Amino acid sequence: MKYFITGGAGFLGRRLAKRLLQNGTLKNAEGESVEVSKLVLFDTVPCQGFSDPRVEIVVGDVSDAAAIGSVIDAYTTSVFHLA
């Protein structure tokens, strides 16, 4: 599934992203393990240190609805708002 992290280049965002990639799964509301197939890191500066093909780095501002709307879609499972 696809997960979206605002503040992905920040202290908490980077650590959350690394942990999600390391674990490879996350439990959903029903308690089932769901694979992390894509992770979008969204921040005002580019996030460094990720070479995993599951990671997409997007630069933008959370106050810009068009920027957020361009990366959140029907396939986005969860949003971690850390900005």
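Tabulated data
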read-out	value
Rounded to 5, the percent of DSSP beta bridges in the chain classed as antiparallel	15
Proximal charge balance of residue 74 [Cβ under 14 Å; K/R count +1, D/E count -1]	+1
Around residue 22: net Lys/Arg minus Asp/Glu count, Cβ-Cβ under 14 Å	+3
3J(HN,Hα) from dihedral phi, the range 72-83, Karplus parametrisation 6.51/-1.76/1.60, rounded to Hz, x for glycine, proline	8, 9, 5, 8, 6, 7, 9, 10, 9, 9, 10, 7
Potential lengthening between residue 71 and residue 59 on full extension [0.36 nm per residue; Cα-Cα distance subtracted]	3.3 nm
Cross-link partners of residue 27 among lysines (Cα-Cα below 16 Å; sequence separation of 8 or more within a chain)	2, 38
Cα→Cβ-extended label distance, 7 Å offset, between residue 34 and residue 81, nm	1.8
Local electrostatic count, residue 44, Cβ distance below 15 Å [Lys/Arg +1, Asp/Glu -1]	-2
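Quick note: the coordinates plus some simple rules give every number you see, no bench work behind them. Not measured: the values here are computed from a predicted model. Here Cβ is always computed from backbone atoms with ideal geometry, including for glycine, and neighbour counts include all displayed protein chains.
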